[in-house]
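Only the coordinates and a few stated rules stand behind these numbers; no lab work does. The shown structure was predicted, so the numbers you read here are calculated from the model rather than taken from an experiment. No Cβ is skipped: glycine too gets one built from the backbone with ideal geometry, and neighbour counts run over all protein chains shown.
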Amino acid sequence: MLGEKYARVVVKDRKLSGAVFYLAPGHGGPDPGAIGQYGAHKLAEDEYAYDVTIRLARVLVEHGAQVYMTVQDKNDGIRDEKILKLDHDEVAYPNLAIPLNQTARLKQGTDAVNRLHKKHKGAYQRLLAIHVDSRSEREMIDVFFYHHQDSVAGKRLATTLQQRFGNCYRRCQPNRSYLGSVSERSSLYVVKNSHPPTVFIELGNIQNTKDQRRFLIADNRQALANWIYEGIQADYMRQ
């Protein structure tokens, strides 16, 4: 599932031993999500969200975590191309066709997570839903985070992630401000109905040319995955 180049995963340490993560890349299957334009190329939200998510999955496994991908693409794996080809062959965990109906699709993924959550009762469990937003072409946005209003653990993880991104931007781009936010969004289906503490992440505006650089360049997609991992690890150590 990781692709030939990245298939071999070496466990570097056990910093996340005992932790269970559910990673939900936005959309997939018959629904590509938001569509951006880059020259003559169309950019599909689900392809870029998936690539960041599966990179994150690999990093989490490297540090001893157990990871479930709610959406899986058996042949794409991790890709280093700038333009990620749109396809519709993703399946839902464990190997189910993804419905076209939005509510049915969201329920399918959430039900799978909730069944697994019961199986891993007592473990540190978190769900991260990773998306790419779509706004006006002129609107540049930073990575931002949603959580459920009643979830203390979800808010803590979202805040820790946001703080980690701020630190990483200060280190890597000291001349630029990071304005990513943390807010409640309890009405989102995945946030509302998932049993594990959940953080919903928006990576940027797929319509904005500056935001597009954040996920068009493979090294930037890896940086996003690495920074999310760093925030997760900090939260796990704080439990």
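Please get the size of the charge dipole for the chain, origin at its Cα centre, with Cβ charges of +1 on Lys and Arg and -1 on Asp and Glu, quoted in debye to the nearest 20.
For the chain, the charge dipole is close to 820 debye.
What is the sum of charges around Val61, taking Lys and Arg as +1, Asp and Glu as -1, for the other residues whose C-beta is under 13 Å from the C-beta of Val61?
Summing Lys and Arg as +1 and Asp and Glu as -1 gives +4.
As an exercise, identify the trypsin sites (Lys or Arg not before Pro) in region 99-157 lying in DSSP coil whose Cβ has no more than 16 other Cβ atoms within 10 Å.
Lys121, Arg135, Arg138
What whole number of Å gives the distance from the Cα centroid of region 138-214 to the Cα centroid of region 18-42?
16
Quote the FRET efficiency, to the nearest 0.05, computed for Met140 versus Lys85 with a Förster distance R0 of 22 Å and r equal to the Cβ-Cβ distance.
In this case the efficiency is close to 0.30.
Within region 149-179, name every residue whose backbone N is under 17 Å away from a label modeled 7 Å from Cα of Arg238 along the Cβ vector.
Correct set: 149-169.
For region 128-228, report the % of Cα-Cα distances exceeding 21 Å.
Result for the distance tail: 33 percent.
Helix-only estimate, please: 222 nm mean residue ellipticity of the chain, summing -39500 (n - 2.57) across DSSP H runs of length 4 or more and dividing by its residues, to the nearest 500.
It comes out at -12500 deg cm²/dmol, rounded to the nearest 500.
So for the chain, averaging the separation of alpha carbon pairs under 8 Å that are six or more residues apart and normalising by length, what relative contact order in percent results?
About 26 percent, as a whole number.
Relative to the compact globular guide of 2.2 N^0.38 Å, what is the alpha carbon radius of gyration of region 19-238, as a ratio?
0.94
So, R0 is 22 Å and r is the distance between the beta-carbons of Ala7 and Asp219; what FRET efficiency does that work out to, to 0.05?
After rounding to 0.05, the efficiency reads 0.65.
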